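The values are calculated or read from the model by the stated rules, or taken from the named source; none is laboratory data. From a predicted model like this one, the values you see are computed outputs, not experimental measurements. Reconstructed Cβ throughout: ideal geometry from the backbone, glycine too, with neighbour counts over all protein chains shown. Accessible surface areas use protein heavy atoms only, side chains included; no ligands, DNA or RNA. Shrake-Rupley method; radii C 1.70, N 1.55, O 1.52, S 1.80 Å.
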Amino acid sequence: MKRLFTLLIVLGLAFSVSAAWAQDTLVYGTTDKMSDIDPANAYDFHTWEIFYNTMDPLIGYVPGTSTLTPALATSWKANADSSEFTFTLRKGVKFTDGTPLTADVVKWTIDRNAALGGDPSWLITDFVKEVQVVDPLTVKFVLKNPVAFFPQIVVNPPYYPLNPNAWPKDKWLHDMSELPGQELTGTGAYKITSFTRDEEIVFEANSSYWGKEPNIRKIILRYFADATTMRLALENGEVDLVYKSLNPSDISDLSKNPKFVVAKLPGPFIRYICFETSESVFKDKKLRQAIAALVNRPDFAQKVFLGQVSPLYSMIPTGMQYQLNTFKTTFGDGNVAAAEKILKGLGYSASNPFQFDMWYSPSHYGDTEANLAEVLKAEIEKTPLVKVNLKSAEWATYKQQWKNKQMPLFLLGWYPDYVDPDDYTAAFAGTDGSKGNGINFSDPAWDKLFSQEQSTTNEATRKGLFETVQKWWVDQVPTVPLFQGYLILVSKPNVTGIKIGAPLIFLYKELAFKK
């Protein structure tokens, strides 16, 4: 009897511990995909989310807001004209392998990421002239030009300090297996304890984290092949929340189900067409103008997204300062007559149509992407003077192909690096930013304009400059804006702490379960 009683106690303890752990584990589902494990080259929304939770910025945002707050730096200050910014680092911060955070580490990271020239390197090279170590806990950024909003740029992962003992200086890394001990040694609230690409990542609370301990000890991120499978997992109780991306019909259905909470996030994302402007058939801006005229935004907004997105007529989102609907006033929607006038002037006809490949990534933006591509193809082929060949590639290949200038026209989406019109324009038409996004548009006049708007805090001056660039856009057409939307996160009612503000930074450490 005593033996049985002891066994029951042991089983009871085991059950109690398991129950506690189960409540302290959150399972999160997504259809998104991770790219390179390295902030020097990764430039996609989901991979940056991994960095947000395993690494830390010098300064961040108060969760759920656009208000800057200290992080690895306890304070920062600018000189009189905002051409230099000095950051004081937090004492005692260490990477998970015990390597201390110092000003030398910050400088090493910025110099490395700039020199490697990866996709997001423009966020450094467009702004930073040099990084100076003032003392072991003080680092100064000397800028190429005054930039009043530089603190918002520093929030982004290319500026996150990396462990020099773990990352090579002369190349970026793709996978966890390339890191020493297959371990990402960060300073963030969580560390990765298990990594199976495109299947599952397990995050556990970092016991040496400098900040507040996360509410939930373990986060399990599970990858799903499609939105339908992910929705079923949510309805069957296999996951606690899902994020990026459900189908429009799923969102509509789940919004009516009291078993789930549907959160519409405040930061706008945009979708657009990109042209390879340096070598492809779209080197001719007139062909870019013709495509811009043929796009019919209200048509695909309803057919593909059930009216859950809004047509966009500028690269600057509707509602953001300085925005003008220049594509609406210049081209309209489905303007076949205007497109045919351009195409006939270039020698195209029904018997000699303009032919090109349109590329899309079938899963990166959710299950609707193939449908969007089909509807865009039908819209563009409203004129017999154009023939579109649809092609697709998964995200890793897609990124490589735009680097290699293999896609003349391709679909992309944008989530803000920093909430300012500069981030929706210079990233696509500035020389460095455009190259990183596969557009390869370069014009000294445009670069000068971006430098001017970045270096002034005068609202009237900035307004005039951004109005000019939007007018230039409909002439040169490096991209065609399509629509803007809002990200949707669906969770069980017992999940709290979903604090995602306009910068769209999702911090797992804020998540909790209702008690």
Take region 105-131 and flag every residue that is loosely packed, with under 15 Cβ neighbours inside 10 Å and either aromatic (Phe, Trp, Tyr) or touching a strand residue (DSSP E or B) at 6+ places or on another chain (Cβ under 8 Å) (or both). Lys129, Glu130
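Looking only at residues that are open to solvent by 20 Å² or more (accessible area, probe 1.4 Å) and touching a Gly at 6+ places or on another chain (Cβ under 9 Å) in region 212-225, which one is farthest from Ala71 (Cα to Cα)?
Kept after step one, since they are open to solvent by 20 Å² or more (accessible area, probe 1.4 Å), are these residues of region 212-225: 212-213, 215, 217-218, 220, 222-225.
Going one step further and asking which of them are touching a Gly at 6+ places or on another chain (Cβ under 9 Å), we end up with 215, 222-224.
Working: Asn215: 18, Arg222: 28, Tyr223: 30, Phe224: 33 Å.
Checking each candidate, the answer is Phe224.
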Search region 155-180 for residues being assigned to a helix (DSSP H, G or I) and touching a residue at least 24 places away in the same chain (Cβ under 8 Å), and hand back the single one that is nearest to the chain's Cα centre (by Cα). Pro157
Take residues that are polar (S, T, N, Q) and tell me which of the helices (runs of 4 or more DSSP H) falling wholly in region 341-458 contain 1 or more. 369-380, 395-403, 431-436, 444-454
Filtered residues of region 259-282 (kept if over 24 Å from Asp423 (Cα atoms) and open to solvent by 30 Å² or more (accessible area, probe 1.4 Å)): Lys259, Val261, Val262, Glu279, Val281
Residue tally, condition at positive phi and open to solvent by 10 Å² or more (accessible area, probe 1.4 Å), over region 466-494: 0
Can you pull out the residues in region 191-220 that are within 20 Å of His174 (Cα to Cα) and touching a Ser or Thr at 6+ places or on another chain (Cβ under 9 Å)? Lys191, Ile192, Phe195, Glu200, Ile201, Val202, Phe203
Single condition Asp32 does not satisfy, out of (1) surrounded by fewer than 20 Cβ atoms within 10 Å (Cβ to Cβ); (2) touching a helix residue (DSSP H, G or I) at 6+ places or on another chain (Cβ under 7 Å); (3) closer than 23 Å to Glu200 by Cα: (1)
Output yes when any residue across region 341-354 is at pLDDT 95 or above, open to solvent by less than 50 Å² (accessible area, probe 1.4 Å) and closer than 30 Å to Thr228 by Cα, and no when none is. no
Just to be sure, is Lys448 in contact (Cβ under 8 Å) with a residue 24 or more places away in the chain, open to solvent by 30 Å² or more (accessible area, probe 1.4 Å) and of a type in the set (Lys, Arg)? no
Any chance you could count how many residues in region 218-269 are closer than 11 Å to Thr31 by Cα and of a type in the set (Val, Ile, Thr)? 3
Is it true that some residue in region 44-61 is open to solvent by 40 Å² or more (accessible area, probe 1.4 Å) and of a type outside the set (Phe, Trp, Tyr)? no
Please tell me if Asp81 is surrounded by 19 or more Cβ atoms within 10 Å (Cβ to Cβ), in contact (Cβ under 8 Å) with a residue 40 or more places away in the chain, within 28 Å of Ser455 (Cα to Cα) and not aliphatic (A, V, I, L, M). no
Just to be sure I understand, how many residues within region 410-435 are more than 12 Å from the chain's Cα centre (by Cα), of a type outside the set (Ser, Thr, Tyr) and open to solvent by less than 10 Å² (accessible area, probe 1.4 Å)? 10
For region 366-382, state whether one or more residues are without any contact (Cβ under 8 Å) to a residue 40 or more places away in the chain and acidic (Asp, Glu). yes
Among (1) under 22 Å from Val419 (Cβ atoms); (2) open to solvent by less than 30 Å² (accessible area, probe 1.4 Å); (3) β-branched (Val, Ile, Thr), there is one condition Ile498 misses while meeting the rest; what is its number? (2)
Any idea which of (1) open to solvent by 20 Å² or more (accessible area, probe 1.4 Å); (2) closer than 30 Å to Ala427 by Cα; (3) in contact with a strand residue (DSSP E or B) (Cβ under 6 Å, 6 or more places away or on another chain) is the one Gln323 doesn't satisfy? (3)
Of all residues in region 190-204 being open to solvent by less than 10 Å² (accessible area, probe 1.4 Å) and of a type outside the set (Ser, Thr, Tyr), which is nearest to the chain's Cα centre (by Cα)? Ile201
Can you name every residue in region 243-258 that is over 17 Å from the mean Cα position of the chain (by Cα) and surrounded by 18 or more Cβ atoms within 10 Å (Cβ to Cβ)? Leu246, Asn247, Pro248, Asp250, Ile251, Leu254
Count - residues of region 367-394 that are out of contact with any Pro (no Cβ under 9 Å at 6 or more places or on another chain) and at pLDDT below 95: 1
